[in-house]
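Asks: This is the structure, below, for whatever I ask next.
Quick note: the coordinates plus some simple rules give every number you see, no bench work behind them. Everything quoted here is computed from the prediction, not taken from an experiment. Note that each Cβ is placed from the backbone with ideal geometry, even for glycine, and that neighbours are counted across all protein chains shown.
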Amino acid sequence: MSSPDKIVRSLIGNYSAVYIAWATDERIRRRGASGGVATALLRYLLEHHRVDAVVVPRQRVNRGLVYGVWTVVRQGEELERFSGSLYAPTFGFAKVFDLALRRFGRIAVTAVPCYVEAARRLARLRGRDQAVFILGPYCSNTPDAYAVWYALKRFHISADDVVSVSFRGSGWPGFTSIWTRRGVVRISSPVFWDSGFGQYFYGRRCFVCTNHTNVGADLSLADPWTLPPEPFMKLGGATLVVVRSEKGLRFLREASEAGYIVLRGVDPIFAVADSVLIKSTARVFADVKNGIVLPPGVFTILREAAYVFGRALALREGAWPLLSFYHRGVGWLLSLALLVDEGVGTRWGRVIRGIRRLQSAKGQEVVRMLKSDG
């Protein structure tokens, strides 16, 4: 095992291969959060009778509060209604998943790491572990139900008018689309997430979690942030796929051979996003031992402090106007902190700089490969 491979495994967990992939159906690709691979693959599994049911969350909106309720889907064409990410809490997973285990032979589920862990435990308890296939997105945190309410106020949208929210879609990196009784409002997805919505409206459990890469899934899925963005913006999106099981690799290849997805192998270093490094770093304001690989740097210490104070503001609706200004200042300070880490040469700074350089060099190889594909 090479030294770079050991480093990657220490950060993202065990894997057998890493791919860049996208749905061949342009509509699915552009409606998805990042390439539509989850929707296309699950559709293949249902339409080719590789699974009998898929367990996914369905969005609900109540006066600007957004949440999800878990449900079972059995028809492939229905899955497009569930495309894209759901940045909100979900309810009823254990009940629905247990029902699916009892009623259906083979089940697929797409879920964030905490639900993946629950699914694995429940499946083992029922003696059905081999009957379950899991797609798991990378997960920085799950915003609470009030996060959208904050964002609506931030972007001057009446919560009472909101009918539905699409957090990702319309290409890559895409737009957050908010449907109201008066029409639709589209906001760049990165702008929406970085408004404070994705930084302070989540609890301590997400803060201390180190399972960012969803190690319990058969396939872990991520945005291709570590690759040159231009080809994927033109394509309308792509998904970085980390293969963690034989079943995952088999289903992935079958879907590619059946024409549901395009699959291209890439260097595993691309699976190490900046967020992976952050989640693998020791905390200063919390005692976290499992999954820690790196000592803290100036950037991570400041980021922790920013979360602690920002979370206090997020919990008080009257402080939300101040939170917007606070977050802008934090962004400037974090940029400066990263420069300090790299300039002083802290271990954290050396690691992130080395990984970024390697990704930049190998990224051009991926661009040439995609150009040769036409």
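Asks: Quick one: net charge around W70, please, counting Lys, Arg +1 and Asp, Glu -1 for every other residue with C-beta under 13 Å from its C-beta.
Replies: That works out to +2.
Asks: How large is the dipole of region 4-54 about the Cα centre if only Lys and Arg carry +1 and Asp and Glu carry -1, each at its Cβ, rounded to the nearest 20 debye? Before the final figure, lay out the partial values.
Replies: Values: 8 positive and 5 negative charges, 33 e Å.
Once rounded to the nearest 20, the dipole reads 160 debye.
Asks: If I model a spin label at R81 and F309 as a point 7 Å from the Cα along the Cα→Cβ vector, what separation in nanometres do I get?
Replies: Result: 4.6 nm between the two label points.
Asks: Follow-up. Within 14 Å, Cβ to Cβ, of R30, how many net charges do the neighbouring residues add up to if Lys/Arg are +1 and Asp/Glu are -1?
Replies: +3
Asks: Suppose each label sits 7 Å from its Cα in the direction of the beta carbon; what would the R74-A319 distance come out to in nanometres?
Replies: Inter-label distance under the simple model: 5.0 nm.
Asks: Suppose every K and R has +1 on its Cβ and every D and E has -1 on its Cβ; what is the size of the dipole of region 3-271 about the Cα centre, in Debye to the nearest 20?
Replies: 640
Asks: Related question: Anything over 30 Å Cα to Cα? Flag those among K234/K362; K95/K153; K247/K279; K6/K247; K279/K362, in the order listed. Please list the in-between numbers first.
Replies: Working: K234/K362 20 Å; K95/K153 34 Å; K247/K279 27 Å; K6/K247 23 Å; K279/K362 24 Å.
With Cα atoms farther than 30 Å apart: K95/K153.
Asks: Under a 10 Å cutoff between Cα atoms, tell me which one of G196, G183, G105 has the largest fluctuation in the Gaussian network model of the chain.
Replies: G183
Asks: Can you check what the net charge comes to around G237, using other residues whose Cβ is under 11 Å from the Cβ of G237 (Lys, Arg +1; Asp, Glu -1)?
Replies: +3
Asks: Could you list the residues of region 266-300 with an amide nitrogen less than 11 Å from a label point located 7 Å from the Cα of R204 in the Cα-to-C-beta direction?
Replies: 286-287
Asks: Still on this structure, I have one more. Rounded to the nearest Å, what's the spacing between the alpha carbon centres of region 262-320 and region 226-249? Just the number, please.
Replies: 22
Asks: Between F155 and L334, what's the calculated FRET efficiency when r is the beta-carbon distance and R0 is 25 Å? Round to 0.05.
Replies: Details: r = 23 Å, r/R0 = 0.90.
Here the calculated transfer efficiency is 0.65.
Asks: Can you find, among V330, A361, V308, the residue farthest towards the positive end of the dipole of region 278-373? Put +1 on the C-beta of Lys and Arg, -1 on that of Asp and Glu.
Replies: A361
Asks: Something else now. Rg and Dmax of region 206-257, using alpha carbons, in Å: what are they?
Replies: 13.5, 40
Asks: Which whole-number percentage describes the relative contact order of region 35-144, with Cα contacts under 8 Å and a sequence gap of 6 or more?
Replies: That works out to 27 percent.
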